[in-house]
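Worksheet: one structure, shown below.
Taken together, the values in this text are just the output of simple stated rules run on the coordinates, not laboratory data. It should be emphasised that the depicted structure is a prediction, and the values quoted were computed from it without experimental measurement. Virtual Cβ from ideal backbone geometry, glycine too; neighbours counted across all protein chains shown.
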Amino acid sequence: MFDFNLINPWIMLVLGLMGLFVLVVGFLATRYKRCPSDSILVIYGKIGGETARCIHGGGALVWPLIQDCAYLSLTPMTINIPLQNALSMQNIRINVPSTFTVGISTDPAVMQNAAERLLGLRPPDIEGMAREIIFGQLRLTVASLTIEQINQDRESFLTAIRQNVGPELNKIGLMLINVNITDITDASDYILSIGKKAASEAINRAMVDVAEQDKFGAIGQAEANREKEIRVAESLAAAEKGMKTAMADQRIIVQQQETLASVGEAAAHREREIKVAENEAEAAKGIKAAEASRRIYLQQQEAEAVQGENLAKASIAEYEAGLAVKQAHSMREGEVAKLKAIEEIQKSKYAAEAERLRAQEIAQKEIDRQKIEIAAAAEAERIRRVAKGEADAVLLRYEAESEGIRKVLESKAAGYLELVKSCQGDAKAAATLLMVEKIEEIVKQQVEAVKNLKIDKVTVWDSGANGESSTANFMSSLIRTLPPMQEIANMAGVELPDYLGRMKDAAESGKKPTPSQGA
């Protein structure tokens with residue numbers, strides 16, 4: 001019998017290998033990342049010397065632990081750029097509202113930039129970054145062009161925008177898909193003036209073209225009328241000529257028939273000799289008469305033919321004269337229309353030149369106004385800064401002065417404190433010492449008070465009333481006008497030395513002190 005115990009280990013090994021294979025395949029299937037068509041797969045981590053590997057379409061195996069992946073959306077973003085007061089090359093501020101459509105590029109180099117700078121950012125953050133770049137480059141583009149280049153040649157303007165904006169967006173991984181300029185305006189109505197000028201020029205050109213076409217129509221009509229009249233005259237002359245030819249042929253046939261009839265009649269009456277002679281005579285007479293009649297008739301017909309030809313020639317001449325008059329009238333009207341057109345052109349040129357000068361003057365005045373505003377703002381800023389500097393200087397000066405006064409007062413306080421300490425706390429003695437220092441200055445002030453008095457002569461009328469001398473009182477009063485040092489010292493609480501003099505008590509003497517008793 002077959003022993004199943006011998007085959008069980010092999011079956012287990014095969015089943016284990018198959019399970020391991022299934023696990024490996026399942027694991028690899030979970031780590032294989034597929035990239036949709038509207039996204040970019042960015043694999044980062046250990047990529048072999050690169051910061052990231054970008055894949056658009058297809059898929060790739062992302063190894064665990066050492067690699068990871070993320071997706072960048074290729075959905076375009078619409079960014080509104082309300083550019084206001086952009087300065088053009090002519091120093092005229094214009095408004096250029098526009099709409100930019102941008103998106104992440106699939107170019108390998110640009111994709112790498114997007115993976116390095118945009119991975120992980122939200123769409124509003126990406127739009128804000130792109131908006132700042134577009135604002136700057138759009139202002140730069142407007143500053144490099146004139147109003148005429150921006151307004152009239154939109155294709156060149158858009159090309160310049162793409163050339164300036166596209167490379168800057170590529171640096172962060174974006175590409176410029178579309179640019180749409182909605183409307184261009186300016187505060188000084190310069191663009192409106194250009195439009196009015198173009199409209200006036202177009203109207204003038206249309207009026208000139210209408211006048212030219214009217215002239216060509218009048219000339220063509222006159223030529224057609226002349227050709228018509230000439231063809232009518234030729235047809236009438238040809239008809240008259242044919243009529244004359246038919247009448248001549250008719251006369252010839254009639255004469256031939258008459259001749260044949262005469263010959264037949266003569267042959268019929270040949271037998272009658274007598275009658276033949278008579279008939280011959282009569283026939284000769286008739287022939288002569290017939291010939292005369294024929295000649296007369298032919299001359300009459302020729303005269304009528306000549307008269308008809310003359311009438312036809314007169315009609316042709318009349319038609320040619322009328323045609324010449326009409327041609328002259330048409331030429332005159334054409335010249336008048338041409339002169340009027342030239343006059344309108346001159347008027348339009350004058351109006352356009354006046355409009356251009358007015359627009360130039362307005363632009364110059366706007367530039368002057370802006371210069372004045374800038375100069376006024378600069379002057380106001382300068383005055384404000386100068387005033388602030390002066391205020392700061394005054395503040396610093398007062399702070400320095402207050403600091404100096406504070407230092408002086410602190411030094412004086414310290415000196416006074418040391419002086420009182422040197423007097424062993426006797427403040428009165430310290431004040432006496434300070435007063436002694438000031439006595440010299442007080443005496444100097446007293447001397448200055450009377451030094452410049454010039455008294456040439458003093459006359460005193462002394463009546464000696466009441467037993468007193470007025471002279472002594474006068475000198476005493478004069479001395480009293482000087483500041484008394486003893487009283488000043490007493491007011492300060494200082495007792496002066498005895499060698500400077502002393503005041504007697506009025507109660508002891510019973511009278512006022514004399515000048516000799518004062519200080």
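Spin-label point model (7 Å from Cα, Cβ direction): what's the Val336 to Ala143 distance in nm?
6.1
Can you work out the Karplus-derived ³J(HN,Hα) for every residue in the stretch 67-74? Use 6.51 cos²θ - 1.76 cosθ + 1.60 with θ = phi - 60°, whole Hz, and x for glycine or proline.
For the stretch 67-74, the Karplus-derived couplings read 9, 8, 9, 8, 10, 10, 7, 9 Hz, x marking Gly and Pro.
Quick check: Cα centre of the stretch 378-400 to Cα centre of the stretch 291-324, how many Å?
119
Any aspartates and glutamates with Cα under 20 Å of the Lys428 Cα? List them, leaving off those in the same chain fewer than 8 positions away.
Filter leaves Glu418, Glu437, Glu440, Glu487, Glu495, Asp498.
Describe numerically, in nm with one decimal, the distance between label points set 7 Å from Cα along Cα→Cβ at Arg34 and at Glu441.
10.7
Place a label point 7 angstrom from the Cα of Leu298 along the Cα-to-Cβ direction, then list the residues of the stretch 240-264 whose backbone nitrogen is under 14 Å away.
From the stretch 240-264, the list is 248-256.
Just check the stretch 8-70 against the gyration tensor rule for me: Cα atoms, a ≥ b ≥ c as the square roots of the eigenvalues, rounded for a/c under 1.5, and otherwise prolate or oblate depending on whether a/b exceeds b/c.
prolate
If you take the beta carbon distance between Gln221 and Gln307 as r and set R0 to 35 Å, what does 1/(1 + (r/R0)^6) give as a FRET efficiency, to the nearest 0.05? The partial results should precede the final answer.
Numbers: r = 34 Å, r/R0 = 0.97.
After rounding to 0.05, the efficiency reads 0.55.
Whole Å is fine, so just give me how far the alpha carbon centre of the stretch 337-371 lies from that of the stretch 18-84.
Computed from Cα coordinates, the inter-centre distance equals 64 Å.
Sequence-distant or interchain residues sharing an amide H contact under 5 Å with Ile177, placed H: which?
Amide H neighbours of Ile177, under 5 Å, 5+ apart: Thr101, Val102, Gly103.
Within 10 Å, Cβ to Cβ, of Ile55, how many net charges do the neighbouring residues add up to if Lys/Arg are +1 and Asp/Glu are -1?
Neighbour charge sum, excluding Ile55 itself: +3.
For Lys244, list the aspartates and glutamates whose Cα falls under 14 Å from its own Cα; do not include residues on the same chain fewer than 8 positions away.
List returned: Glu302, Glu304, Glu309.
What nm distance separates the two modelled labels at Asn80 and Lys46, each placed 7 Å from Cα along Cα→Cβ?
If labels sit at Asn80 and Lys46, their model points lie 5.1 nm apart.
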